[in-house]
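The values are calculated or read from the model by the stated rules, or taken from the named source; none is laboratory data. Since the model is a prediction, treat every value here as computed from it, not as a measurement. Here the Cβ is made from the backbone with ideal geometry for all residues, glycine too, and neighbour counts use every protein chain on show. When the accessible area is computed, the model is the full protein with side chains, heavy atoms only, and any ligands, DNA or RNA have been set aside. Shrake-Rupley method; radii C 1.70, N 1.55, O 1.52, S 1.80 Å.
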Amino acid sequence: MADLQFPSLDLKTEFVEIKGERVLVVSFVGQITNTNAYEINRNISVIFRDSVYNIILDLTKLDYINSIGVATLIGIIKTVESNHGKIMIGGLNHFLENVIRLMDLPRQVQIFNTKQEAITNW
């Protein structure tokens, strides 16, 4: 597991077992802004160091995301897809829901209101 700290953002990871599959929950806490987005993009690949490509992105505590942050999320989704994994998003506040809905996400990315709903619907 990799917990990463950036200015204004913490990434927390945990492995959970869901229906016999090892799933990595990646929780974003804070903000993705111009001051930290470059460093986040440069280091985000560490979440895949255990070669687990079943991912739940928990955005419950992500307060703000800019366009570079959106590109980061899309990069994670593309990495999961290219490794034949599965990805879900859980925990959207009103602002993030609007941003995520505007993104051209692949059809297989499911979005849930909470991390627990994503886990339940895995």
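Of the numbered criteria (1) modelled with pLDDT under 90; (2) within 12 Å of the chain's Cα centre (by Cα), the one Ile55 fails is (1).
With respect to the stated conditions, Ile44 is closer than 17 Å to Glu14 by Cβ, crowded, with 16+ Cβ neighbours inside 10 Å and at pLDDT below 90.
Filtering segment 71-98 to residues that are of a type in the set (A, V, I, L, M, F, W, C), part of a helix (DSSP H, G or I) and either at pLDDT 95 or above or open to solvent by less than 30 Å² (accessible area, probe 1.4 Å) (or both) leaves Leu73, Ile76, Ile77, Val80, Leu96.
Of Ile68, Ile44, which residue is in a helix (DSSP H, G or I), farther than 24 Å from Thr114 by Cβ and touching a helix residue (DSSP H, G or I) at 6+ places or on another chain (Cβ under 7 Å)? The unique qualifying residue is Ile68. The residue that is surrounded by the fewest Cβ atoms within 10 Å (Cβ to Cβ), counting only those in segment 24-41 that are of a type outside the set (A, V, I, L, M, F, W, C) and either part of a strand (DSSP E or B) or touching a Phe, Trp or Tyr at 6+ places or on another chain (Cβ under 7 Å) (or both), is Glu39. Among the residues of segment 30-64, those identified as closer than 19 Å to Ile87 by Cα and aliphatic (A, V, I, L, M) are Ile44, Val46, Ile47, Val52, Ile55, Ile56, Leu57, Leu59, Leu62.
When you look at Val52, is it crowded, with 16+ Cβ neighbours inside 10 Å, assigned to a loop (DSSP other than H, G, I, E, B) and without any contact (Cβ under 8 Å) to a residue 60 or more places away in the chain, yes or no? It is true that Val52 is crowded, with 16+ Cβ neighbours inside 10 Å, assigned to a loop (DSSP other than H, G, I, E, B) and without any contact (Cβ under 8 Å) to a residue 60 or more places away in the chain.
Scanning segment 55-70 for residues that are acidic (Asp, Glu) and open to solvent by 30 Å² or more (accessible area, probe 1.4 Å) returns a single hit, Asp63.
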